[in-house]
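Notes to accompany the following structure.
The values are calculated or read from the model by the stated rules, or taken from the named source; none is laboratory data. The shown structure was predicted, so the numbers you read here are calculated from the model rather than taken from an experiment. Because the Cβ atoms are built from the backbone with ideal geometry, glycine has one as well, and the counts that use them run over all protein chains shown. When the accessible area is computed, the model is the full protein with side chains, heavy atoms only, and any ligands, DNA or RNA have been set aside. Shrake-Rupley method; radii C 1.70, N 1.55, O 1.52, S 1.80 Å.
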Amino acid sequence: MDHLTKFILLFISCVLTNNFIFSRFLGCCPFLGVSNKVETAMGMGIAVTFVMGLASLFTWAVGKLLVLLDIQYLNTIAFILIIAGLVQFVEMFIKKSSPTLYKSLGIYLPLITTNCAVLGVTIINFDSYVVEMDAIGLVYSVLNGVFSALGFMLAIVLMAGIRERLETSKIPQPFKGFPISLITAGLMSLAFTGFSGLFSNLG
């Protein structure tokens, strides 16, 4: 199987069949907290994509170094420090370039540091593309990070669109607010499981 085909399968896997929100259940905190408006959700998705892509790049290099030094057990600590630095950079950039978006994201922007989806993708990359593969592993690592973030963005934007519609819908009083959001998330997760058999050879 050539690399282009593998890249396409990796994209489908990250976005649909192994979506971080609906299949791996990682990153649910910002998914539920920032999905009130499509614009805000899109901003969060772009920020997470930037952090995930760069985190995958830097953690691959650091992971290689940890393996060479035989101290790979420190990978989680090292990866968290890298993610924290990247989030600080993104936070400063958004604060300068778009104060409105910065205010809308609120506490959830710095919480990208503790977003388990970001840390999860770096650990998956470490296990799959650092230990077992060489230079080509860097490409797969970065693409896995970016594609996983696009899957996260798809999930949060879809959720935001549905929640905007729910605000003008007639919903029984006990289900208004957070309960209907949880029910919606559950139904969306069930819908995404339909992609699980799309390609039997997807990881």
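Any idea which residue in the range 176-188 is farthest from residue 26 (Cα to Cα), counting only those that are modelled with pLDDT under 85 and open to solvent by 60 Å² or more (accessible area, probe 1.4 Å)? Per the criteria, the residue is 176.
Evaluate the range 51-59: report whether one residue or more is within 20 Å of residue 14 (Cα to Cα), buried (at least 19 other Cβ atoms within 10 Å of the Cβ), within 19 Å of the chain's Cα centre (by Cα) and of a type in the set (Ser, Thr, Tyr). The answer is yes; a qualifying residue exists. Considering the range 33-47, the residues that are surrounded by fewer than 19 Cβ atoms within 10 Å (Cβ to Cβ) and of a type outside the set (D, E, K, R) include one that is farthest from residue 183 (Cα to Cα), namely 46. Considered as a group, the residues in the range 139-156 that are among the β-branched types (Val, Ile, Thr) and open to solvent by 30 Å² or more (accessible area, probe 1.4 Å) include one that is farthest from residue 60 (Cα to Cα), and that residue is 146.
Per-residue answers, yes or no, for (1) at pLDDT 85 or above; (2) of a type outside the set (Gly, Ala, Ser); (3) touching a helix residue (DSSP H, G or I) at 6+ places or on another chain (Cβ under 9 Å); (4) farther than 24 Å from residue 195 by Cβ:
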residue	(1), (2), (3), (4)
19	yes, yes, yes, no
22	yes, yes, yes, no
38	yes, yes, yes, no
63	yes, no, yes, yes
77	yes, yes, no, yes
109	no, yes, yes, yes
115	no, yes, yes, no
124	yes, yes, yes, no
128	no, no, yes, no
